[in-house]
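The values are calculated or read from the model by the stated rules, or taken from the named source; none is laboratory data. All values derive from a computational prediction rather than experimental measurement. With ideal geometry, Cβ positions are generated from the backbone for all residues, glycine too; neighbour counts draw on all protein chains shown. Surface accessibility is based on the protein's heavy atoms, side chains included, excluding ligands, DNA and RNA. Shrake-Rupley method; radii C 1.70, N 1.55, O 1.52, S 1.80 Å.
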Amino acid sequence: MPLHSGLRCMASALMGTLLGTIAQLASPAKAATQPFSPLQQQIETLRQEHNIPGASVAVIQDGRIAWARGFGMADLESSRPVTEHTLFQAQSITKTLTSLATVKLLAAEEIALDEPVNRYLKGWKVPENDYTAKVPVSFRMLLNHTGALSNPYPDGCCGPKETLPTLPQLLRGQPPANNPPLTVERIPGTRYDYCNGCYTVLQPALESIAQQSFPALMQELVLQPAGMSRSTFDNRFFLDDTSSIAIPYDADGTPHQRAPMRNPILSTGLMWSTASDLARFNLAFTQALDSNHKLLDQALAEQLTIPSSTASRSLGFYIGNRDAGTQARGQYIFHGGSGNGYLSLSIISLDGNHGAVILINKAPNPWLTTNIPQYDFIISALKLISNFNHWT
């Protein structure tokens, strides 16, 4: 072959490789700037009207994830956009996964839900008092928020630069923890009262039973079988590199000084996740509810959705309507969450046909205020989604 022909062939091959590389590099940016659909444009307009820095949304339609994408900014300072893969703290949506892990592990170990939890705790135990002398705290009470335990979050400990207490220190109220010891405040089982302390106790109980760390247990029992490949209970990965997370913003629009929140309590709200991963969990759960799934047996899935402490509160979910309003015999199950700089909502119909997950990165410290207007964006976005897709 003549030399110049060989050079032309080589040049052509190099150009093809170069163009292919450019296309690969350009494709993520192209995906990130795909035009909004009419519904997505309405959500984007709503986000701007509510002054929300960033949002991640996944929509389930006809039993599958119809679409998932980011809106706005994960980091206002660097103009880094939210993408489908941006991580948010799921906050109390985590409780739904903790409840599933609990019923799954207890069933495997042949432990009844009405067993007193102190029989299985090692080291620290729920402090006995006049209330527990009448009725001991059971696993069921912890799951359905009737365990009557005190709140372990007086002000949302702990910021990224603050000293992290151990879980036993927090349970006992010992420095560097800044909360009083966990105590039972009334007769257990007598009434529903949203209970972060209850889900706190589930963590050491599960660890004692399984002889595994809580993150390892959740990976095995929930994250892996649900296909939640991007979700994690890692408390440290964002300390040196925040490029994978949505920066949490306070109500005034500045980066939250005490967030991302860290805590030895992982079971109540410290899972990092994406809207897509949480949608995958919802679909896996409703598939289990219809028939057995590798995530969970059908009988256990049903157990998690049957009304327990109230007509609209089961062991793992709130029961209600398509607008995430609690309602007896509702056809939707859901859970929301709030924490320093993050708000979240996850909802799906019992038949698995309709659902959505909405995560945002702006919220005040929820332990210092009951006024969280940013949640209006989430509920309004949900109504746009349900109306557009004709949810029943």
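Annotations
- Checked against (1) among the aliphatic types (A, V, I, L, M); (2) open to solvent by less than 30 Å² (accessible area, probe 1.4 Å); (3) modelled with pLDDT under 95, L368 passes all but a single condition, namely (2).
- Breaking point among (1) at pLDDT 95 or above; (2) open to solvent by 20 Å² or more (accessible area, probe 1.4 Å); (3) of a type in the set (S, T, N, Q), for S150: (2)
- Qualifying residue in region 286-303 (condition: in contact (Cβ under 8 Å) with a residue 24 or more places away in the chain, over 15 Å from the mean Cα position of the chain (by Cα), under 18 Å from S344 (Cβ atoms) and buried (at least 18 other Cβ atoms within 10 Å of the Cβ)): no
- Test: residue in region 72-88 that is open to solvent by less than 20 Å² (accessible area, probe 1.4 Å), assigned to a loop (DSSP other than H, G, I, E, B) and on the phi < 0 side of the Ramachandran plot: yes
- Scanning region 31-58 for residues that are assigned to a helix (DSSP H, G or I) and either surrounded by fewer than 10 Cβ atoms within 10 Å (Cβ to Cβ) or modelled with pLDDT of 95 or more (or both) yields a total of 12.
- Filter result for the condition that a residue is open to solvent by less than 10 Å² (accessible area, probe 1.4 Å) and over 19 Å from L143 (Cβ atoms), over N321, N340: N340
- Sole exception among (1) touching a residue at least 40 places away in the same chain (Cβ under 8 Å); (2) over 20 Å from the mean Cα position of the chain (by Cα); (3) surrounded by 17 or more Cβ atoms within 10 Å (Cβ to Cβ); (4) part of a loop (DSSP other than H, G, I, E, B) for H145, by number: (2)
- Taken together, the residues in region 361-375 that are more than 21 Å from W272 (Cβ to Cβ) and not polar (S, T, N, Q) amount to 2.
- Matching residues in region 227-245 - criterion: being on the phi < 0 side of the Ramachandran plot and open to solvent by 30 Å² or more (accessible area, probe 1.4 Å): S229, R230, T232, D234, R236, F237, L239, D240, D241, T242, S243, S244
- The set of residues in region 372-392 that are over 16 Å from G337 (Cα atoms), open to solvent by 20 Å² or more (accessible area, probe 1.4 Å) and touching a strand residue (DSSP E or B) at 6+ places or on another chain (Cβ under 8 Å) comprises N389, T392.
- Candidates E110, E128, E162, filtered to the one that is in contact with a helix residue (DSSP H, G or I) (Cβ under 9 Å, 6 or more places away or on another chain) and either surrounded by fewer than 16 Cβ atoms within 10 Å (Cβ to Cβ) or farther than 24 Å from Q212 by Cα (or both): E128
- Close Cβ contacts (under 9 Å, 6 or more residues apart or on different chains) running from residues in region 348-372 that are in contact (Cβ under 8 Å) with a residue 24 or more places away in the chain and over 19 Å from L384 (Cα atoms) to residues that are among the basic types (K, R) and open to solvent by 10 Å² or more (accessible area, probe 1.4 Å) comprise N365/R258.
- Region 304-318 - residue that is closer than 14 Å to S349 by Cα and touching a helix residue (DSSP H, G or I) at 6+ places or on another chain (Cβ under 7 Å) and, of those, surrounded by the most Cβ atoms within 10 Å (Cβ to Cβ): F317
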